[in-house]
Amino acid sequence: MSKFFSKKHAALTPYVPGEQPVGQTFIKLNTNESPFPPPKSVLEAAKTEAALLNRYCDPESKDLTQCLAAYYGVKPNQVLMTNGSDDILNFAFLATGDESHPFVFPDITYFFYETFCQLHHIPYEKVPVRDDLSIHYMDFCGIGKNVVIANPNAPSGLVLPLSEVEEIVRTNPDNLVIIDEAYIDFGGESALVLLPKYDNLLVTRTFSKSRFLAGARLGFGVGSEELIRDLNTLKYSTNPYNVNRMTAAAGIAAIREDAYFSEKVHTICRIRDETAARLRAMGYVAPDSNTNFLFVEVPGLSGAELSARLREKGILVRQWNRPRIENRCRVTVGTQEEMDAFVKAMEELL
Ligand SMILES: *Cc1c(COP(=O)(O)O)cnc(C)c1O
């Protein structure tokens, strides 16, 4: 630590992204990316925009915002486009959390939530999930704190029904409830339909997982017009040009390629379910997932050991040395060929 590092950050534990190896050919199942490239039209759109790189991009991302608002049937003023969904989450924590508005979230969820709270000095509480890692929605009803829930949740892959999400939103009218829908296209019902009824709901989404644009960094939030205005205040106080012009163009093109993504997402879900069944047939733990990953356990092997064994066979997966999940590995669903290789590697462990 340099002598310049502010004491206020001394206790900060940064989020640790999954490994992005350079130069080695791994089967990469560690960061929940799509194994499929985006369609040609998306790449073309980004390339065309690149000719204008000497000019600043539109700070409002107007065209993209309108296109997306129309797609989801909301007003453009209810949408804020961001640099990945981590960016909108950051604005939401920064804009709403403080001593009198602490945050609460499940103990096993996206670990970045805790980092945001630490970064912005927001008090927070972690509510334990059940033994099967499912969220008990009643734990969050009427809790009187800002709530953030990933639905489907990560890394469990489990989903809350819309009725339970609504109860959490309905019973916390004076607190913000963020529903992080990074994986909603792979399973579950979106909370977007609740927006006309509740002004305390923020739904966040990303183009990284089901729109195959992880490297472009595009996400967004949808909420009440007042809330979106507040989040814009934070955006314009940190990084007004947060969505670059190539990414914005790619985003518009992606929205127009719905059929391509639906078909591929469907394929990923089929491969996911088949892979889970094959793992269970071998005696491994692989609960049904509503996402593009499986949360796998080999009885008698720690997650670290499983991850290391797979790595020796050229397969990267994600694992955390954290209480309650240290025996699991999160395995992104890849192509059929990649999952065949993964299943074969798992067979060899028997
Ligand atoms: C991947 C992920 C995000 C962030 O994705 P971005 O690439 O920043 O859009 C947010 N929440 C959850 C639960 C995720 O898994």
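Each residue of region 169-175 is assigned a 3J(HN,Hα), and the resulting list reads 5, 5, 8, 10, x, 9, 10 Hz, derived from the Karplus form 6.51 cos²θ - 1.76 cosθ + 1.60 (θ = phi - 60°), x at Gly and Pro. Backbone phi angles across region 35-47, fed through the Karplus curve with coefficients 6.51, -1.76 and 1.60 (θ = phi - 60°), yield HN-Hα couplings of x, 9, x, x, x, 3, 4, 5, 5, 4, 4, 5, 5 Hz in residue order; Gly and Pro are listed as x.
Which one, 18, 163, 227, is farthest towards the positive end of the dipole of the chain when Lys and Arg carry +1 and Asp and Glu -1 on their Cβ? My answer, from the dipole projection, is 18.
Evaluating 6.51 cos²θ - 1.76 cosθ + 1.60 at θ = phi - 60° for every residue in region 214-221, the Karplus couplings come out as 3, x, 7, 6, 9, x, 6, x Hz, glycine and proline recorded as x. Each Lys or Arg adds one and each Asp or Glu subtracts one; over the other residues with Cβ under 14 Å from the Cβ of residue 294, this totals +2. Just check region 19-113 against the gyration tensor rule for me: Cα atoms, a ≥ b ≥ c as the square roots of the eigenvalues, rounded for a/c under 1.5, and otherwise prolate or oblate depending on whether a/b exceeds b/c. Since a/c reaches 1.5 but b/c is at least a/b, the shape of region 19-113 is classed as oblate.
Above 38 Å lies some portion of the pair distances; for the chain, what is it as a whole percent of all C-alpha pairs? Tail fraction, whole percent: 16.
Each residue in 201, 94 was given a count of other beta-carbon atoms within 10 angstrom of its own, and listing them fewest first yields 94, 201.
Between residue 24 and residue 348, the C-beta separation translates, for a Förster distance of 22 Å, into a calculated FRET efficiency of about 0.60. Sorting 331, 203, 129 by the number of Cβ atoms found within 10 Å of their own Cβ, with the fewest placed first, yields 129, 203, 331. FRET efficiency for the residue 281 to residue 8 pair, using the beta carbon distance and R₀ = 51 Å, is estimated at 0.45.
Given R₀ = 35 Å, what would the calculated FRET efficiency be for residue 130 paired with residue 98, taking r from the Cβ atoms and rounding to 0.05? E between residue 130 and residue 98, to the nearest 0.05, is 0.70. Going from the fewest other Cβ atoms within 10 Å to the most, the residues 322, 205, 309 appear in the order 322, 309, 205.
Close amide H contacts of residue 189 (hydrogens built in the peptide plane, cut-off under 5 Å, sequence separation of 5 or more or a different chain): 162.
Indicate the gyration tensor shape class of region 163-264 (rounded, prolate or oblate), computed on the Cα atoms with a ≥ b ≥ c the square roots of the eigenvalues: a/c under 1.5 is rounded; otherwise a/b larger than b/c is prolate and the rest oblate. Judged from the Cα gyration tensor, region 163-264 comes out oblate (a/c at least 1.5, b/c at or above a/b).
Here's the picture: a label point sits 7 Å out from the Cα of residue 111 along the beta-carbon direction, and within region 268-305 the residues with their amide nitrogen under 14 Å of it are 303-304. For residue 127, the residues whose amide H sits under 5 Å from its own are 105, 107, ignoring neighbours fewer than 5 places away on the same chain, with H placed 1.01 Å from N. The dipole here belongs to region 242-314: it is taken about the Cα centre, uses +1 on the Cβ of Lys and Arg and -1 on the Cβ of Asp and Glu, and is about 180 debye.
We did not get these values from a lab; they are worked out from the coordinates using the rules stated. All of these numbers come straight from a predicted model, not from anything done at the bench. Don't worry about glycine lacking a Cβ; one is built from the backbone with ideal geometry, like all the others, and counts go over all protein chains shown.
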